[in-house]
Structure formats: structure tokens, C-alpha cells
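The values are calculated or read from the model by the stated rules, or taken from the named source; none is laboratory data. Keep in mind the model is a prediction, meaning the values are calculated, not measured. Positions of Cβ are backbone-derived with ideal geometry, glycine not excepted, and every protein chain shown enters the neighbour counts.
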């Protein structure tokens, strides 16, 4: 399951904060509660660990571990049951000077199911399971081609990752002098078949061993894409079963890869990239057709929120975390939805280039 840009941003911010802390000894407590697990059992386990911690020889380490466990237990008791996706909780003495006490506790419900149960005392918090959630694992294969050229890429989250590009030796439609029309057509068809075989080999080389490949989408102008997929056995059966759609598009280069994603909303309906593209598409359409229904630029957007006119805030993930927090706080006061836009899509880059801030309004503003 993909996580949204906003979820990724919140998780990144959370992880960054905890990465800053280091214990002087193994006294920082990490607890992961898997989804569906009884949180009361975790509390009981931590209570037992409090007793075990009394055996720690170092007075300061013993006190810090026991205090961290007590803080954690008090915090977990606030939950009547484990949150839907599980819970990650952290506690420890984070005072800058040795001998001082500043025991804090943090917790977060992950954006996807947590399947790990863990208790650990260490010099640093165990954050790898949360960091792993931010990594996009599921990918789609993209193929754009005609008889002239082919480009292959991954769609990983919201990012198109080009993998390979190949041009063909198929002669043009105009035959050279001295050759019969039939012979020239045979030459063209033989060259096209050779190119289709080469494209199929490229697809196999790049996609066959990809464990998390969700599907392959093929696009291009004209009938070549159908000849590749449906005629003969150019593509192995295992990969042919992975093809989830064939789309008519105009280009076969990197722009064609972008066009293929744009034309595949129906196939990518549950992917975060489509939601972001649709939202940004709405913003840019209003900007072109009814510009008074949008705002852009930091000051203009802030004012539109303060006046209660902003329905949706679009803010680039490249904006400083503190500024994003200020906007989120303001938006809460006026019921404005916040969408953090990645810089990985074409539309996200456009928002970044036009100042990083945008808003879709509820009504037109007068200044």
C-alpha cells in the first residue's frame, strides 16, 4: 500500500527528530506494537522489564531505564486498544547534561500495518521499521514504443525511473530505387520483427526478476504496441500476464512515459501519484480558466487561508518543516485541507517552480 505525501512528510519529520537523540548507555526504550495485538500485554511486559532493570549496576543507567519504562507504561495506558495500524512508541532521558533528567515519550500510529513486535533498550531508538515504510517497494513497468524506438521505465511511487532506450533499424516507408515494393515491405516487416524481439528482451531484462512488480503498462502510437503484445510470442507468458493495460499515446521518449502515466489513471486508481496529479490538474485548470478561484505564492495563500477562503492548501514538500507546521496550524483554524505535494511528479515540480505554495479556493476573494 502506498502512503501519501502528507503521511510520508509526517513520518519523515518524526524519524528525523528521534534520530537526533543518543543515550549515554543502553537506556533509550523502543516499543513496537503490531496491529491487532493486545496493548495490555505490552504494558504487562514493560512492567516486568521494570523489575529486571533493577539489576542494572550503574545507578544512573538504572534510573534512566526505569524512568523511561514508567513514562512509556503511563503513555500506553492512555490507549484503550491498539490503534488500527499498530503503534510505535519511544521514551528516554534526553537531557543534554549527564546527571539531569528530561524523560520524554513519543508515539506514532504508522500509515500502514505494523507487523513487528519489539522491545529494546539501546543507545539509540530503533527507527529502521518506520524508515522502511517510507521506501516505495511496489513498482509498475512502463513501456512506450513504435517501430522507430522504445523507452522502458519504472513507475516507483510518484517517480518515473528511466531504464532503457533503443532505436530500431526499420527502414522508412519510402523505398529505395531498384527494389520491388513487395521485397521492400518484407524487409520492413523482418526489421520490425527483429526490433520487437529486441524490445521483448529489454522488457525481460528489466522486469522479469522484479519481485514487487505490480503490473506492466504498454503504450505508443499506431498498431506496433499490439503487434508486440498480442502477435507471436515475443514476450514471455509470465511477463505477458503482468501486462495490465495498453494505451494509445503520441510519443515514445521520456515525454511518452509521462504521457503514459497520465493516460493510465484507470489502471493506477489506487496509487498516490494519481491523486496528486488529479488535484494538481484541478489547480492548474482553474488557474487557466478561472484564476480568481486559486491563490499562489506564500503571502497570497496565507491571506486566503486567514480569510477562510482556502478550501485546499497545496504546499511543496520542499518547504521547510517549521513553515509547513505553521501553515497546518493555521489551516486547522479554518477547516482548510492540507495536501503536501511531492517534487517527483511533473505537476509537483511546476508548483515548486511557481513558488511552492498554492490553494484552491471556496470562493473568489476581493482585495
**OP:** Go through the stretch 222-231 residue by residue and tally those that are in contact with a strand residue (DSSP E or B) (Cβ under 7 Å, 6 or more places away or on another chain) and in contact (Cβ under 8 Å) with a residue 24 or more places away in the chain.
**Re:** 3
Original post:
Got at least one residue in the stretch 293-313 being within 18 Å of residue 12 (Cβ to Cβ) and in contact with a strand residue (DSSP E or B) (Cβ under 9 Å, 6 or more places away or on another chain)?
Top reply: no
Original post:
So which residues in the stretch 301-323 are farther than 23 Å from residue 274 by Cα and either surrounded by fewer than 18 Cβ atoms within 10 Å (Cβ to Cβ) or under 25 Å from the mean Cα position of the chain (by Cα) (or both), if there are any at all?
Top reply: 303, 306, 307, 308, 320, 321, 322, 323
**OP:** Find the residue count for the stretch 103-125, including only residues that are part of a loop (DSSP other than H, G, I, E, B) and over 16 Å from residue 25 (Cβ atoms).
**Re:** 9
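Kindly establish whether residue 73 is at pLDDT 95 or above, assigned by TED's automatic domain parsing to the domain that holds residue 205 and touching a helix residue (DSSP H, G or I) at 6+ places or on another chain (Cβ under 6 Å). Before the answer, list the steps.
Numbers: at pLDDT 95 or above: yes; assigned by TED's automatic domain parsing to the domain that holds residue 205: no; touching a helix residue (DSSP H, G or I) at 6+ places or on another chain (Cβ under 6 Å): yes.
It is false that residue 73 is at pLDDT 95 or above, assigned by TED's automatic domain parsing to the domain that holds residue 205 and touching a helix residue (DSSP H, G or I) at 6+ places or on another chain (Cβ under 6 Å).
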Original post:
Restricted to the stretch 274-292, and to residues that are touching a residue at least 40 places away in the same chain (Cβ under 8 Å) and out of contact with any strand residue (DSSP E or B) (no Cβ under 7 Å at 6 or more places or on another chain), which residue is surrounded by the fewest Cβ atoms within 10 Å (Cβ to Cβ)?
Top reply: 292
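Here is a yes/no grid of residues against (1) without any contact (Cβ under 8 Å) to a residue 12 or more places away in the chain; (2) in contact with a helix residue (DSSP H, G or I) (Cβ under 7 Å, 6 or more places away or on another chain); (3) part of a loop (DSSP other than H, G, I, E, B); (4) assigned by TED's automatic domain parsing to the domain that holds residue 354:
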residue: 233; (1), (2), (3), (4): yes, no, yes, no
residue: 251; (1), (2), (3), (4): no, yes, yes, no
residue: 264; (1), (2), (3), (4): no, no, yes, no
residue: 304; (1), (2), (3), (4): no, no, no, yes
residue: 315; (1), (2), (3), (4): no, yes, no, yes
residue: 319; (1), (2), (3), (4): no, no, yes, yes
Original post:
Of these, 242, 158, 214, which one is surrounded by 15 or more Cβ atoms within 10 Å (Cβ to Cβ), touching a residue at least 60 places away in the same chain (Cβ under 8 Å), within 31 Å of the chain's Cα centre (by Cα) and more than 25 Å from residue 346 (Cα to Cα)?
Top reply: 242
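Being under 19 Å from residue 13 (Cα atoms) and either more than 23 Å from the chain's Cα centre (by Cα) or in contact (Cβ under 8 Å) with a residue 40 or more places away in the chain (or both) narrows it down to one residue among 343, 329; which is it? Working first, answer last.
On the way: 343 fails: either more than 23 Å from the chain's Cα centre (by Cα) or in contact (Cβ under 8 Å) with a residue 40 or more places away in the chain (or both).
From the options 343, 329, the qualifying one is 329.
For the stretch 84-94, give me the residue count where each residue is under 16 Å from residue 119 (Cβ atoms) and not in a loop (DSSP other than H, G, I, E, B). So that I can check it myself, show each step before the final result.
Applying the first criterion (under 16 Å from residue 119 (Cβ atoms)) to the stretch 84-94 yields 86-92.
Cutting the leftovers down to not in a loop (DSSP other than H, G, I, E, B) gives us 87-92.
The total comes to 6.
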Original post:
Could you list, in sequence order, the residues of the stretch 119-155 that are closer than 27 Å to residue 258 by Cβ and surrounded by fewer than 14 Cβ atoms within 10 Å (Cβ to Cβ)?
Top reply: 135, 137
Original post:
For the stretch 209-228, how many residues are in contact with a helix residue (DSSP H, G or I) (Cβ under 7 Å, 6 or more places away or on another chain) and either modelled with pLDDT under 95 or part of a helix (DSSP H, G or I) (or both)?
Top reply: 3
Original post:
Residues 194, 190, 205: which one is part of a helix (DSSP H, G or I), touching a strand residue (DSSP E or B) at 6+ places or on another chain (Cβ under 9 Å) and surrounded by fewer than 20 Cβ atoms within 10 Å (Cβ to Cβ)?
Top reply: 205
Original post:
How do the pairs read when you match residues in the stretch 32-57 that are in contact (Cβ under 8 Å) with a residue 24 or more places away in the chain and assigned by TED's automatic domain parsing to the domain that holds residue 78 with residues anywhere that are surrounded by 12 or more Cβ atoms within 10 Å (Cβ to Cβ) and assigned to a strand (DSSP E or B), using Cβ under 7 Å and keeping only pairs 6 or more apart or on different chains?
Top reply: 32/88; 32/118; 33/87; 39/33; 42/31; 42/33; 45/119; 49/119
